[in-house]
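The structure under discussion appears below in the form of structure tokens.
The values are calculated or read from the model by the stated rules, or taken from the named source; none is laboratory data. This structure is a prediction, so every number in the text was calculated from the model and none was measured. Cβ atoms come from the backbone with ideal geometry, glycine included; neighbour counts cover every protein chain shown. Heads up: the accessible areas ignore ligands, DNA and RNA and are worked out on the full protein's heavy atoms, side chains in. Shrake-Rupley method; radii C 1.70, N 1.55, O 1.52, S 1.80 Å.
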Amino acid sequence: MITPEELASLLTDEVRRAVADNRDRDPLAVALDRKVPCARLVATQVKYLARALRKLPAYAAAGCILPPRAFEQASSEACARHKRIGGDSVLDLTCGLGVDAWALAARFRRVVTLERDPVLAAVARENFRRLGATNIEVVDAPAEEYLARTDERFDWIYADPDRRSASGRKLVRLEDCSPDILALRPLLARTAPRLCLKNSPLFDTDEALRLFPRCRVEAVSLDGECKEVTLYDDGSGPAVVATALGLGSFAAAPDERPLPPPEKFDPARYRWLVIPDVALQKARLARLHLQGAADIWSDNGYGFAAEEPRGLLARALPVRSIEPFDPKQLKRTLRGAGAELLKRDFPLPAEEIARRLGLHAGSDLRLAFTQIGTRRWVVLLE
């Protein structure tokens, strides 16, 4: 986190110009340049503004101040913009860099966001000014203190609790995070009728429904990576949703079950390998989503189809052949080729597969490994 002195420097015209003038340079070269004022501080901003071009493009375009730790912990703009809430007013319990509050400001007339660190609160205010977000109020206070003293009512409460321990260990359980949303539930209910809660991508969707039985819980992915599990406690559930940003969403009731897959796996009839999006995996909806389009035996596995499936939250890759996983035979056949290895629902790590088959990284072949029932298979892709 930046210090008050560093923030004061970043706010001076001289340092602001230095950051702007050096954004196209290598950060290491900037840090070593004696002509640059506060060179190391400027180099850090240059580094993170370059990284923000993809994660936080609006922040990058506005030349916002980006403290490293706050940047790493911040939501991406794509995920922040996806939050499906709106109304007159929202209370954000966990400002941080302020990306979620900034996105919420486009959906609410008024946003109040809380930040216990006064320096980070000052950074958020300055960034909101640069972004032109005039309907956000930053309050220097921890959530527990603010909720205990306020008598104001909001349409929504939003929270993205800090999921790092004092030692830096990642936390998943709600009661271990800060603020402790479960302990604050009486105060939350007094302050707003609806709660939107962002959780770690490791958070279990079943646990969300156990804790908030009437919620809608959504697993959100971006570019093939699960980014968060978001809980909407507004009476719109119970429901489970898988969303791949840019591709679409699939929703189901928690008790909805897919039809059973075929009793036997017949590799000869399949021409397509179907790779469900990770959001479907996380929400345990892959089998239900692929139903009727592909056969799939596990929510964590691959699907297989005779015809190319379309309109799915999934990738479909053409299959050349499907063979039993026989390391000795495969090693003789593949003859030390360079290969890209894919795997799902397979007990061996990729490094061990490569070692057993005598393969190295390369583009000669593309192989997918999976297990269906007790049998292991390798799929040779086109």
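Summary table
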{"quantity": "Student exercise, the range 302-350 dipole from Lys, Arg, Asp, Glu Cβ charges, in Debye to nearest 20", "calculated": "240 debye"}
{"quantity": "Point-to-point label distance, Gln291-Glu263, nm (Cα→Cβ direction, 7 Å offset)", "calculated": "2.1 nm"}
{"quantity": "Carbon and sulfur %, accessible surface of the chain computed with the full protein complex present, 1.4 Å", "calculated": "48 percent"}
{"quantity": "For the range 8-98: relative contact order, % (alpha-carbon pairs under 8 angstrom, 6 or more apart)", "calculated": "20 percent"}
{"quantity": "Farthest positive-ward along the chain dipole, Cα basis, beta-carbon charges - from Leu49, Ala29, Ala337", "calculated": "Ala337"}
{"quantity": "Cβ-based charge dipole, the range 296-355, positive-most Cα from Pro327, Ala314, Trp297", "calculated": "Pro327"}
{"quantity": "Contact order relative to length of the range 293-382, as percent, for alpha carbon pairs under 8 angstrom and 6 or more apart", "calculated": "33 percent"}
{"quantity": "Set of lysines with alpha-carbon distance to Lys227 below 23 Å, sequence-local pairs under 8 removed", "calculated": "Lys47, Lys55, Lys83, Lys170, Lys198, Lys282, Lys343"}
{"quantity": "Unit charges on C-beta of K, R, D, E only; dipole of the chain, Debye", "calculated": "1020 debye"}
{"quantity": "Pairwise FRET efficiency - Glu308 versus Glu352, Cβ, R0 = 45 Å, nearest 0.05", "calculated": "0.90"}
{"quantity": "Rounded to 5, the percent of DSSP beta bridges in the chain classed as antiparallel", "calculated": "60 percent"}
{"quantity": "DSSP-defined beta bridges in the range 100-244 - what % are antiparallel, rounded to 5", "calculated": "50 percent"}
{"quantity": "Theoretical FRET efficiency, 1/(1+(r/R0)^6), r = Cβ-Cβ of Leu365 and Thr3, R0 51 Å, to 0.05", "calculated": "0.45"}
{"quantity": "Fraction of beta bridges assigned by DSSP in the range 328-382 that are antiparallel (%, nearest 5)", "calculated": "45 percent"}
{"quantity": "Cut-off under 5 Å, modelled amide H: who pairs with Asp162 long-range", "calculated": "Ser178"}
{"quantity": "For the range 253-368, alpha-carbon Rg and Dmax in angstrom", "calculated": "15.3, 48"}
{"quantity": "Relative contact order [Cα under 8 Å, 6+ residues apart], the chain, whole percent", "calculated": "8 percent"}
{"quantity": "Computed [θ] at 222 nm, helices only, for the chain once each DSSP H run of length n ≥ 4 contributes -39500 (n - 2.57)", "calculated": "-8500 deg cm²/dmol"}
{"quantity": "In nm, spacing of pseudo-spin labels at Ser89 and Leu381 (7 Å Cα→C-beta vector)", "calculated": "5.2 nm"}
{"quantity": "Only Lys, Arg (+1) and Asp, Glu (-1) charged, at Cβ; the range 1-140 dipole about Cα centre in debye", "calculated": "460 debye"}
{"quantity": "Helix axis angle, 118-131 relative to the chain longest principal axis, alpha carbon, degrees", "calculated": "80 degrees"}
